[in-house]
Amino acid sequence: MQCSSSPLSCYAHDVTKILSASLECNCHSFLIIYGNHSHKFMGRNKYRDYHTILGNISLRNILTSNNLHIHNIDMEWINRTRVIKVALIVVAILLGVASLIFSNYLVRDLEREEATRMEVWTEAMRTFNNADENTDLNLVLTVIKGNNTIPVIVLDDKGGIDNYSNMRIHGADTLGYLMRQAASMREAGNIIRMDMNEPGRYYDVCYDDSLMLKRLAAYPYVQFGVFIIFLLVALFALLSMKRSEQNRVWVGLSKETAHQLGTPISSLMAWTEMLQSTYPEDELIPEMGKDVKRLEVIAERFSKIGSLPETTPENLGEALHRVVDYIDRRSSDRVTIRCVVPERPIIVRMCSPLFEWVIENLCKNAIDAMDGEGSITLHVASTDERVYIDVTDTGKGIQKNHFNSIFSPGFTTKKRGWGLGLSLARRIIESYHKGRIYVKHSELNKGTTFRIELRK
C-alpha cells in the first residue's frame with residue numbers, strides 16, 4: 001500500500017491487514033497494489049470501496065492461492081470419457097462385423113459341402129434303385145445310411161411322397177406337413193432330379209439345411225447381441241466410475257472452499273462490527289454486513305455440497321421470493337423478475353440454501369443470456385405428487401444439440417465461465433432432492449425455459 005501524503009508503504013499477505021492499514025490511514029487518497037491488481041481509494045469513499053474490495057480481492061486470493069483448476073479437470077473428464085466411449089463402440093462394431101463376415105463365409109462353405117453330399121447321396125439312391133443281383137451295394141448302403149443330419153424328402157414323378165429321412169414331424173397330418181416342407185425346399189432351390197433307367201421315370205430329391213448349419217447361421221447374430229450387452233455394461237461401468245470420480249472431486253473441492261472461506265469471513269465479520277461501533281450513523285456499513293452474511297450463506301452451501309445435506313419441509317414460495325428479492329436488488333433496472341406462485345402454501349422437502357442456489361444460478365445465467373435487459377419469470381405449478389418450477393427468460397436461447405451437454409462439467413459458452421453452475425444445479429436437484437432439471441423449451445433469439453421437478 002502506498003499513501004499519497006507520505007512515502008509510507010507496507011506489505012501484508014492477509015487482505016484484512018491491508019484494509020486495516022488503509023482504514024487507519026488519515027490521508028485523502030492511497031493506492032493498494034495486490035499482485036497484478038491495484039485499487040485506488042479516495043477519502044471518505046474508502047469505506048464504500050471496502051465493500052468492493054471484499055469481492056475483488058478476498059475471493060480471488062482464496063481461489064487462486066489454492067490452484068483450483070476445476071475447469072481443466074472437468075474438460076479432461078469429458079475428453080477422456082468421450083475417447084473411451086468411442087473406442088468401446090468402435091471395438092464392439094469391428095468385432096461384430098468381423099464375426100458376421102467370418103460366420104457368413106463359414107456358412108456358405110458348409111452349404112456347398114452339404115449340397116455336394118446330397119449329390120453323392122442322390123447318386124447312391126439312383127444306383128440302389130437301378131441295381132440288379134450282381135451289383136455290389138455295400139458302398140451304396142454306407143453312403144445312404146451315412147446321412148444322419150440333412151433333412152430329405154423324396155418325391156416320385158407324380159409328386160407324391162416316396163420316402164423321407166431326418167424330418168421332425170409337427171402335427172397329426174404327416175403327409176400334409178411333408179408336402180408343405182417339400183414345397184418350401186423347392187422354392188429355396190434345394191432339389192436334385194434323379195433319373196431312372198425306365199423312360200419317363202424319375203424322382204425329385206428335396207433337402208434342407210441341417211440343424212447344425214441353421215444354428216451356425218444364427219450364431220453371429222447371437223454373438224453380436226452379446227457384444228452389444230458387453231458394450232452397454234462397459235459404458236455403464238465407465239459412467240459409474242466417472243460419476244464416482246466427480247463425486248470425490250466435488251466433495252474435496254467443496255470442503256476445501258468452505259474451509260478457506262471461513263477464515264476471511266470471520267475477519268470480515270469482526271471488521272463490520274468494529275466499523276459499526278466506530279461509525280454508527282453510516283448507512284453503508286449495514287449493507288456491508290449483509291454482504292458478509294451473504295458470504296456466510298455461500299460458505300454454508302459449499303459445506304453442504306461436501307456432505308449429504310438434510311432436507312426439511314419448506315415453503316417453496318417463500319424460498320423463491322427470497323431469491324427474487326436478492327437478484328432484483330443486484331440486477332439492472334432493465335431486468336424485470338416476476339414470480340408466479342399459487343396463493344396456498346406449497347410445502348416441499350428441500351435443503352433451502354442449496355435449492356435457492358440453483359434458482360439463483362438459473363436467474364444469473366438468464367441475465368447473462370439477455371445481456372442485462374429483458375424479463376425473467378418463475379412459474380410454479382403442482383399436482384398431488386410433484387411440483388414444477390419453470391424459469392423462463394427472453395435471452396439468446398440454446399441450440400437443441402446442447403440441451404443435455406450444458407449440464408456437463410466444464411461446458412460453457414461464456415468467455416470467462418467455468419462451466420460448473422448448471423452441473424452443480426443438476427447435482428443438487430437430482431442427487432440431493434431426487435428431482436429433475438432439464439431444458440423444457442428453447443428458441444434461438446427468443447428465450448429459454450428451464451424446468452425443475454420436485455417431489456412433495
For segment 349-381 the GluC sites (Glu not before Pro) that pass both the DSSP coil test and the at-most-15 other-Cβ-within-10 Å test are GLU373
One finds, for ASP157 and ARG82 with R0 = 51 angstrom and r their Cβ-Cβ distance, a FRET efficiency to the nearest 0.05 of 0.15
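Could you tell me what a quarter of the Cα convex hull surface of segment 308-455 works out to, in nm² with one decimal place?
The Cα convex hull of segment 308-455, projected and averaged over all directions, gives 8.6 nm².
Given the pairs LYS396/LYS434; LYS414/LYS446; LYS242/LYS456; LYS145/LYS214, which span a C-alpha to C-alpha distance of over 26 angstrom in this model?
With Cα atoms farther than 26 Å apart: LYS396/LYS434; LYS242/LYS456.
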Listing VAL249, VAL140, VAL233 by rising number of other beta-carbon atoms within 10 angstrom, fewest first, gives VAL233, VAL249, VAL140
Here, GluC sites (Glu not before Pro) of segment 102-153 satisfying both criteria (DSSP loop; at most 12 other Cβ within 10 Å) are GLU133
A chain fully extended from ALA115 to GLU310 at 0.36 nm per residue, minus the present Cα-Cα distance, gains in nm 62.8 nm
Once both label points are put 7 Å beyond Cα along the C-beta direction, the ASP328-GLU296 separation in nm becomes 2.5 nm
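If you place +1 on the Cβ of every Lys and Arg, -1 on the Cβ of every Asp and Glu, and leave all else neutral, what size is the dipole of segment 308-455 about its Cα centre, to the nearest 20 Debye?
On the way: 22 positive and 19 negative charges, 107 e Å.
In total the dipole reaches around 520 debye.
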Zone reached by a paramagnetic label modelled 7 Å from LEU106 Cα along Cα→Cβ, restricted to segment 214-251 with backbone N below 16 Å, covers 214-227
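Taken together, the values in this text are just the output of simple stated rules run on the coordinates, not laboratory data. Treat the numbers as computed from the prediction; the structure is a model and nothing was measured. No Cβ is skipped: glycine too gets one built from the backbone with ideal geometry, and neighbour counts run over all protein chains shown.
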